[in-house]
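What follows is a set of notes on a single structure, which appears directly below.
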Amino acid sequence: MEKPALIEMKGITKRFERVQANDHINLRIYPGEIHALLGENGSGKSTLMNILLGIYKPNSGEILYKGEKISAMTPKIAADMGIGMVHQHFTLIPTLSVAENIFLSMNNTGFFLNKKMIEDQIKDYSCKFALPVDPGAKVWQLSVGEQQRVEIIKLLCRNSEILVLDEPTAVLTPQEAAELFKTLRKMSDQGKSIIFISHKMNEVMEHADRITVLKNGKIEDEMMAADATIARLTKAVVGERDLEGITRKPQKNGDQPLLEINRLRVMNDKGLIALHDISLQLHAGEIFAIAGVAGSGQRELAEALAGLRKVISGNLVMDGANISKTSVKARISMGISFIPEDRLKMGLIPEMNMNQNAVLKEFKKPVYSTAGILRNKSIQALANRYVEEYDIKHGGFHLPVGLMSGGNQQKLLIAREIADNPKLIIASYPVRGLDIGATEAIHRILLEQRDQGACVLLISEELDEIFAMSDRMAVLCDGRLMGIRHTAETDYDEIGRLMSGTSV
C-alpha cells in the first residue's frame with residue numbers, strides 16, 4: 001500500500017499570456033524523500049514550485065497538504081505549513097550579518113534581536129546538519145557556498161519541513177556540491193522532504209530518490225532514481241531532438257596580441273590582494289580560458305578588464321593603448337563586452353522588459369532615441385532580431401525578463417553583448433545553471449565569435465567546458481598565475497594539479 005503524500009498538487013495549470021508554463025501537472029511529495037524536478041530551462045519547474053510557495057496563483061488545479069485541500073495558497077500559509085524555498089538568486093542583505101539576516105526571516109513576536117539566542121540556534125543547526133557558517137560574519141564577506149548555507153539555515157530556523165532548492169549546485173564548486181547533498185540526505189533521514197530543481201542528469205540519478213521530468217510545462221516522465229538511465233532521462237528532457245555537440249575549427253590569430261595584461265594587481269571586496277602580478281597576452285581569434293577553483297581571482301580579473309574594478313598596479317594594453325584607467329563606457333566603445341557571472345544582478349535588470357534590456361547599452365544612439373525620447377519601433381525591431389537570431393523564448397516583449405527562464409535570459413544578455421561585433425568578449429561562467437540545450441547554444445555563439453576574429457576570455461570552473469572550448473588556458477590559484485598551456489598540449493591531471501597550487 002502506497003504511503004500517503006505530504007503534498008499533492010493536482011491538475012496544476014499556469015499561463016503567462018501566450019506561454020503555457022504548467023499544463024495539468026500532478027505531483028506528489030512524500031515525507032523524508034529527496035525528489036528531483038528535472039528539465040530544460042523554461043520547462044516549468046520553477047513556476048510549479050512558485051505555485052507551491054503561494055508566489056504564483058494557478059489558473060486551475062488544487063494543492064492538498066496531508067490530504068486536506070488548501071483553498072488559496074499564499075506565501076504566509078506555505079511558510080506556516082513548513083514549506084520554504086532557497087531560490088537560485090539568494091535573498092540576503094549583504095551589509096547585515098548572518099544572524100541579522102536570519103532574524104529578519106523569522107516569525108518574530110518582538111522587535112528586538114536576541115543575538116545570543118539566534119547565534120546559538122544557528123550553531124545548533126550548523127552542527128546538526130554540517131552547515132558551517134559564522135553567525136557574526138557579514139553576508140558580503142561569505143562565499144557563494146556559505147551564503148547558500150545561510151539560506152538553508154533560514155528555513156530550518158523557521159521550522160520548514162519541506163525544503164525546495166532551485167538549481168542548488170549551479171553556483172557551487174564540485175566539492176561544495178558534494179557537501180550540500182550530504183546535508184540534504186541528513187535532512188531527509190530525519191524526516192524532512194527535499195525538492196531540488198536541476199538540469200543535471202548525473203546529479204539527480206546519484207542523489208534523488210524519485211525523479212519527475214518536465215517538458216514544455218507537462219510531466220514527460222516519472223521514475224524512481226534507481227530505474228533512471230542517461231538514455232531515458234535524455235529522451236525525456238530533450239525529446240527526439242539531436243544535440244550536435246560543438247566542433248572547434250583550427251585557430252587563426254595574428255602574432256600581435258590584442259590585449260596585454262602586465263603585472264596586474266587588484267584587490268577584492270575585503271581590501272585584500274586578489275591578483276598578484278598577473279601577466280597574460282590574449283590574441284584575436286582565440287578562446288583563452290581561465291581555470292581555477294572558486295575564489296582564485298577570476299571575478300576580480302574579469303571586473304578589472306571590464307573597468308569595474310580599480311587596477312592597483314600594473315597595466316592593461318589593448319591595441320597598443322593603455323586602458324588601465326579608462327572608463328567602462330570607453331572600454332565598450334573600444335570593443336570590450338562583458339558577460340558577468342550573475343546575469344540578473346549585473347547583466348540584466350529583471351524588473352525591466354525584454355525591449356528595455358535589449359537596448360540598455362544602445363539607447364543613446366540616434367536610431368533608438370531622439371532628443372531623449374525613445375524610438376519604440378526601432379527598439380522593438382532590435383528585440384525582434386535578438387529573438388529570431390538566438391531563438392529566445394519569452395512570454396511577451398513587455399513582461400519583466402525576470403519571468404524568463406535562465407537559458408533565455410542568458411541568450412538575451414549574450415545577444416546584446418555581441419551585437420556590435422566586439423573585439424574582446426569577457427565571458428564569466430556563461431553557461432552556469434543552464435540545461436544541455438541552452439549550453440550548446442551559448443557555446444556555439446561564442447565559437448562563432450571566435451571564428452569571426454573576436455577574442456573570448458572564458459572563465460569557468462568546469463574543466464570539461466574549458467577543454468572543449470578553449471585554444472589556450474591559464475590556471476589561477478589564490479590569485480597567482482600557476483601556468484599557461486595550449487589546450488592540445490595538456491590534460492586534466494596537469495591542470496588539476498595546477499588548480500590545487502602544485503607546480504608542474
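The values are calculated or read from the model by the stated rules, or taken from the named source; none is laboratory data. Every value quoted in this text rests on a predicted model; they were computed, and no experiment measured them. A quick note on method: Cβ atoms are made from the backbone with ideal geometry, for glycine too, and the neighbour counts reach across all protein chains shown. We work out accessible area using only protein heavy atoms, side chains counted, and drop any ligands, DNA or RNA first. Shrake-Rupley method; radii C 1.70, N 1.55, O 1.52, S 1.80 Å.
Let me test this: with uniform point scatterers at the alpha carbons of the chain, what is the Debye-based log₁₀ I(q)/I(0) at q = 0.05, 0.08, 0.10 1/Å?
-0.21, -0.54, -0.86
Can you give the direction-averaged projected area of the convex hull of the alpha-carbon atoms in the range 260-401, in nm²?
10.8
Can you put Glu286, Glu62, Glu461, Glu68 in order of accessible area, largest first, using a 1.4 Å probe?
Glu68, Glu62, Glu461, Glu286
Please grab the % of Cα pairs in the range 87-221 that end up more than 19 Å from each other.
Here the tail beyond 19 Å accounts for 52 percent of pairs.
Answer rounded, prolate or oblate for the range 398-504, using the Cα gyration tensor with square roots of eigenvalues a ≥ b ≥ c: rounded when a/c is under 1.5, else prolate when a/b is larger than b/c, else oblate.
Judged from the Cα gyration tensor, the range 398-504 comes out prolate (a/c at least 1.5, a/b above b/c).
Excluding residues on the same chain fewer than 8 positions from Lys154, give the aspartates and glutamates whose Cα lies under 15 Å from its Cα.
The qualifying aspartates and glutamates are Asp80, Glu100, Glu119, Asp120, Asp124, Asp134, Glu146.
May I ask you to derive the FRET efficiency for Lys270 and Phe397 from their Cβ-Cβ distance with R0 = 41 Å, giving the value to the nearest 0.05?
My answer for the efficiency is 0.50.
Taking the Cα centre as origin and putting +1 on Lys and Arg beta-carbons and -1 on Asp and Glu beta-carbons, what dipole magnitude results for the chain, to the nearest 20 debye?
Value, rounded to 20: 1540 debye.
Mind running the shape call on the range 381-443? Use the C-alpha gyration tensor, a ≥ b ≥ c as the square roots of the eigenvalues: rounded below 1.5 for a/c, prolate if a/b tops b/c, oblate otherwise.
oblate
Per residue, how large is the accessible surface of the range 48-180? Use a 1.4 angstrom probe and give square angstrom.
48
Leaving ligands and nucleic acids out of the surface, order Met9, Met499 by accessible area at 1.4 Å, largest first.
Highest to lowest solvent-accessible surface, that is Met499, Met9.
Could you pull out the pairs from Lys115/Lys310; Lys138/Lys186; Lys115/Lys200; Lys123/Lys270 whose alpha carbons sit more than 29 Å apart here?
Lys115/Lys310; Lys115/Lys200
Carbon and sulfur: what percent of the range 38-172's accessible surface (1.4 Å probe)?
54
Of Lys10/Lys192; Lys192/Lys215; Lys361/Lys411; Lys325/Lys365, which ones are farther than 19 Å apart at the Cα?
Violating the 19 Å limit, Cα to Cα: Lys10/Lys192; Lys192/Lys215; Lys325/Lys365.
Between Asp342 and Asp80, what length comes free when the chain is fully extended (0.36 nm per residue of separation minus the Cα-Cα distance, one decimal in nm)?
Value of the extension gain: 91.2 nm.
Whole-Å semi-axes of the range 1-95's equivalent ellipsoid, largest first, each the root of 5 times a Cα gyration tensor eigenvalue?
Taking √(5λ) for each Cα gyration eigenvalue gives 21, 18, 15 Å.
Between Lys69 and Lys116, how many nm apart are label points set 7 Å from Cα along the C-beta direction?
Going by the 7 Å Cα→Cβ label model, 5.1 nm.
Compute the length gained on full extension between Gln452 and Thr370: take 0.36 nm times their separation in residues and subtract their Cα-Cα distance, giving the result in nm to one decimal.
Full-extension gain reported as 26.3 nm.
Under the 0.36 nm per residue contour assumption, what length would be gained going from the current alpha-carbon distance of Asn384 and Lys57 to full extension?
Here the segment from Asn384 to Lys57 would lengthen by 114.8 nm.
Could you work out how far apart the two model spin labels at Asp478 and His87 are, taking each label as a point 7 Å from the Cα in the direction of the beta carbon, and quote it in nm?
Label-label distance for Asp478 and His87, simple model: 3.7 nm.
Any idea what Rg and Dmax come out to for the range 159-236 if you just take the C-alpha atoms, in Å?
Just the Cα atoms of the range 159-236 yield Rg and Dmax of 12.8, 39 Å.
Sum up the charges of everything whose Cβ sits under 14 Å from the Cβ of Ala228, counting Lys and Arg as +1 and Asp and Glu as -1, but leave Ala228 out.
-3
How many percent of DSSP beta bridges within the chain run antiparallel, rounded to 5?
If I count the DSSP bridges inside the chain, around 55 percent turn out antiparallel.
Between Leu165 and residues 5 or more places away or on another chain, which pairs have amide H atoms under 5 Å apart, with H built 1.01 Å from N, and which residues are they?
Hits under the 5 Å cutoff: Val86, Ile195, Phe196, Ile197.
Using the crude model of +1 on Lys and Arg Cβ and -1 on Asp and Glu Cβ, and no other charge, please compute the dipole size for the range 110-214 relative to its Cα centre, in debye to 20.
300
Lys and Arg at +1, Asp and Glu at -1: add these up for the other residues within a Cβ distance under 12 Å of Gly395 and post the number.
Local charge sum for Gly395: +3.
Please give, to one decimal in nm, the separation of the simple spin-label points placed at Asp277 and Ser313, each 7 Å out from Cα toward the Cβ.
Reported label-point gap for Asp277 and Ser313 is 0.8 nm.
Counting Lys +1, Arg +1, Asp -1, Glu -1, what net charge surrounds Cys127 among other residues with beta carbon under 12 Å of its beta carbon?
+1
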